[in-house]
Amino acid sequence: MTADFDTIVNLAKKRGFVFQSSEIYGGLRSAYDYGPLGTAMLRNVKDQWWRSMVQLRDDMVGIDSAIIQAPQVWKASGHLASFSDPLVECTNCNNRFRLDKLDNVDQCPSCGKRDTFTEPREFHLMFKTNMGPVESDDNVVYLRPETAQGIFINFENVRRTSRMRLPFGIAQIGKSFRNEITPGQFVFRTREFEQMEMEFFCRPEEADTWFEYWLEERHRWYLDLGMTPDNLRLRPHESDELAHYAAACSDVEFDFPWGWDELEGIANRTDFDLRQHAEHSGEDLTYFEEGDERFYPYVIEPAAGATRTTFAFLLDAYREEEVEGETRTVLKLDHRLAPIKAAVLPLSKKPELTEVTQRVASELRQTYDIEVDITQSIGRRYRRQDEIGTPFCITVDFDSLDDHQVTVRDRDTMAQDRIAMDKVSAYLADRFAG
Ligand code: ATP
């Protein structure tokens, strides 16, 4: 069970996590802009992924490839021929749906009429545009629908320049674009989104072992960042669900307000992509080590959505608690994901306190994303910080002027500690480490 959908969407808008895109023009459907808090949190999710996938490992490197690639890439990968979803249209209300996502293929979920769907047709999901000043068939290019192909086409560049030996992985975070038939459920499915993908190249005979390894590793990543175990599960794909390139695939699923749905897919892509690119480009993309035959490595791919995952962490962290007869809303986000790590709150706007507040704040700012909030009563300020998931509030009061101490309040326990002003940074470091 996670938080109610509308509650989180409203909180996200009210507090500046996510705004409707182009709102002043009436909004662009299913496009979103991340506000100050959402930007910070999304960045934290991506940083944590990068830290665990790249920084902490000696078998991984990162890249950042172009969104617009040679159109041949999409021919070789199979996207041009088959990256489509089955589209049906209701002949009564004219709404369009993705057939494979309908609960009941005989009844329109919009108008409720039965047997009104057209025959399904394959709807292509890649955004198409033209490169250069003239619009012609010769300069058609596509916005990438996944970041993975940027990794495959750079396999040999990265192997050579980074001198990587199997098994090794190449990781990438970036925007992808899909002209989804039915975007929706807030930022869960949008036409522009961010992915965190990694291609792990290994010997074919070791692929099954690495597949199991990455399933476990990726499941653990969400749990380590505080996701509730009951809200997370691994679901192996049925054989008729597998993509054309995959020998095996499992999804990491989250219990969204509408039910279990995908956060991340982990697939054994075999040597499909490298073989295809070798064939289409004419380049040799096999792997070679002294004393061995040349061969195409197999690839295990954990492919996650950064924007979708950020939404899941928000849903998972939301709590309403009874405190002294009142309801307090709190986001129990892991401190690594919380957009603001500490808020510095002077008890009054008097200039003496402002000066001390600025001193405390400027020291903390060297290490942490912090906020100084001087408006409204202290109780309301605590409530606002709870609602955006700030782990600690630091209150500067008139006693602080004499005893050089401040009060630190813990978001989760609401316990308060009186701490020497110059020890606050060390205190936070200690708490965050534990
Ligand atoms: P679906 O079947 O739901 O369309 P998919 O299985 O095609 O998704 P993948 O190609 O495996 O998705 O993409 C990897 C990850 O990228 C997904 O698990 C998801 O987190 C994210 N993702 C894919 N499409 C979108 C989208 N339209 N909006 C937001 N995130 C997305």
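The values are calculated or read from the model by the stated rules, or taken from the named source; none is laboratory data. Note that this is a predicted model, so its numbers are computed, not measured. Glycine gets a Cβ as well: all are built from the backbone with ideal geometry, and neighbour counts include every protein chain shown. Quick note on the areas: whole protein, heavy atoms, side chains included, nothing else; ligands and nucleic acids left out. Shrake-Rupley method; radii C 1.70, N 1.55, O 1.52, S 1.80 Å.
Pairs of alpha carbons in the chain separated by more than 36 Å make up 38% of all such pairs. The slack between residue 96 and residue 412, meaning 0.36 nm per residue of separation minus the straight C-alpha distance, is 109.3 nm. Rolling a 1.4 Å probe over the heavy atoms of the protein chains gives segment 151-202 an accessible area of 34 Å² per residue. For segment 340-433, with all protein chains in place and a probe radius of 1.4 Å, 49% of the accessible heavy-atom surface sits on carbon or sulfur.
With Cα atoms defining each centre, segment 347-367 and segment 248-290 are spaced 50 Å apart in the structure.
In whole angstrom, how far apart do the alpha carbon centroids of segment 186-225 and segment 42-88 sit? After rounding, the separation between the Cα centres reads 11 Å.
Net charge near residue 93, counting Lys/Arg +1 and Asp/Glu -1 over other residues with Cβ under 13 Å of its Cβ? Could you put the intermediate results ahead of the total?
Working: positive: 96, 113, 114; negative: 89.
Here the count lands on +2.
On average over all directions, what projected area in square nanometres does segment 84-124 have, based on the convex hull of its Cα atoms?
Numbers: hull surface 9.8 nm².
Result: 2.4 nm².
Using Cα springs under 10 Å in a Gaussian network model of the chain, which residue among 238, 262, 324 shows the largest mean-square fluctuation? Comparing 238, 262, 324 in the GNM, the peak value goes to 324.
Solvent exposure of segment 261-321 amounts to 38 Å² per residue of accessible area, where only protein heavy atoms count and the probe is 1.4 Å.
On full extension of the chain, what length is gained from residue 349 through residue 166, given 0.36 nm per residue of separation minus the C-alpha to C-alpha distance?
59.8 nm
Taking all protein chains together and rolling a 1.4 Å probe, residue 258 ends up with roughly 90 Å² accessible. Within the shell defined by Cβ-Cβ distances under 13 Å, the residues around residue 212 carry a net charge of -2, with Lys and Arg each +1 and Asp and Glu each -1.
Only lysines eight or more places from residue 341 in sequence, or on another chain, were considered; those with a Cα closer than 21 Å are 13, 14, 46, 332, 423.
For segment 3-42, divide the Cα radius of gyration by the Kirkwood radius and give the resulting Rg/Rh value with two decimals.
Details: Rg = 10.2 Å, Rh = 10.3 Å.
Ratio of gyration radius to Kirkwood radius for segment 3-42: 0.99.
Ignoring ligands, DNA and RNA, what accessible area per residue does segment 84-124 give at 1.4 Å, in Å²?
Working: 2710 Å² over 41 residues.
Value returned for segment 84-124: 66 Å² of accessible area per residue.
Shape call for segment 1-110 from the C-alpha gyration tensor, a ≥ b ≥ c root eigenvalues: rounded (a/c under 1.5), prolate (a/b greater than b/c) or oblate? Oblate shape, in that a/c is at least 1.5 and b/c is the bigger or equal ratio. Share of carbon and sulfur in the accessible area of segment 84-124 stands at 40%, probe radius 1.4 Å. The modelled label-to-label distance between residue 72 and residue 377, using points 7 Å beyond Cα along the C-beta direction, is 7.0 nm.
Unpaired cysteine residues in the chain (no second Cys Cβ under 4.7 Å): 202, 249, 393.
Computed over segment 340-433, the P(r) tail beyond 18 angstrom holds 36 percent of alpha carbon pairs.
Can you give the Kirkwood hydrodynamic radius of segment 73-187 from its Cα pairs, in Å with one decimal? Before the final figure, lay out the partial values.
On the way: mean 1/r = 0.0577 Å⁻¹.
Evaluated over segment 73-187, this radius sits at 17.3 Å.
Return the single residue from 43, 328, 144 with maximal mean-square fluctuation; model: Gaussian network over the chain, springs between Cα atoms under 10 Å. Looking only at 43, 328, 144, the largest GNM fluctuation is found for 328.
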